[in-house]
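Here the structure comes first, spelled out in structure tokens, and everything after it is commentary.
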């Protein structure tokens, strides 16, 4: 396994819409393992392939406290979204930035698992938020895009300043 570099907002590659995974092979399984290792090391609870500059519809999520519940979603598609919740979100591609985002409270998602079997899940709470957040990445959207223009400008400035300080 290998740690993968995570793209940082406002990198334009984060705007690319991911293509469907056509074949679940050893390359995809290795990518999943590398993405999981990268997510855990970061540390984070979700990572979309787009964030590691692989533009395929693939994401990994683990909302457990002890990193024991890795979930893999291949070609995920939201079937339904119900209700509304607002909560603070962060993102591995937007380090150190957190803000409130409005999301559906309950979602149903269809996807393929790592064995290529069709799956369906209805969930709420943190997992529902993570699923929506990561699917946004696959569609070329970062959580910052849900915020006002003023907040987006401030976030870009703050990240540019952080980059100058660490350079």
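Averaging the sequence gap over all C-alpha pairs within less than 8 Å and six or more residues apart, then dividing by the number of residues, gives the chain a relative contact order of 23 percent. Site pair residue 148 and residue 98 shows an inter-label distance of 2.1 nm when each label is modelled 7 Å from Cα along Cα→Cβ. Comparing mean-square fluctuations of 61, 97, 135 from a GNM of the chain with C-alpha springs under 10 Å, the top value falls on 97. Exposure proxy for 39, 59: other Cβ atoms within 10 Å of each Cβ, ordered fewest to most, give 39, 59.
What the Cβ-Cβ distance of residue 15 and residue 123 gives, at R0 = 25 Å and to the nearest 0.05, is a FRET efficiency of 0.35.
For the pair residue 30 and residue 105, the difference between a 0.36 nm per residue extended length and the Cα-Cα distance amounts to 23.8 nm. Put a dot 7 Å past the Cα of residue 160, heading toward its Cβ, do the same for residue 139, and the two dots end up 2.9 nm apart.
For the chain, DSSP calls about 95 percent of its internal beta bridges antiparallel.
Given R0 = 25 Å, the distance between the Cβ atoms of residue 53 and residue 77 translates into a calculated FRET efficiency of 0.65. Note on 81, 91: ascending count of other Cβ atoms within 10 Å places them as 81, 91, the fewest first.
Centre-to-centre separation between the Cα atoms of the range 120-166 and those of the range 11-42: 18 Å.
This structure gives Rg and Dmax of the Cα atoms in Å, computed directly, and of [x] 15.9, 50; [y] 15.5, 47; [z] 14.6, 40 that value is listed as [y]. A simple spin-label model places the labels of residue 37 and residue 115 2.5 nm from each other, with each point 7 Å out along Cα-to-Cβ.
Every number in this text was worked out from the coordinates using simple rules, so none of it is lab data. None of these values were measured; they are calculated from a predicted model. Heads up, the Cβs are rebuilt from the backbone with ideal geometry, glycines too, and the neighbour counts pull from every protein chain shown.
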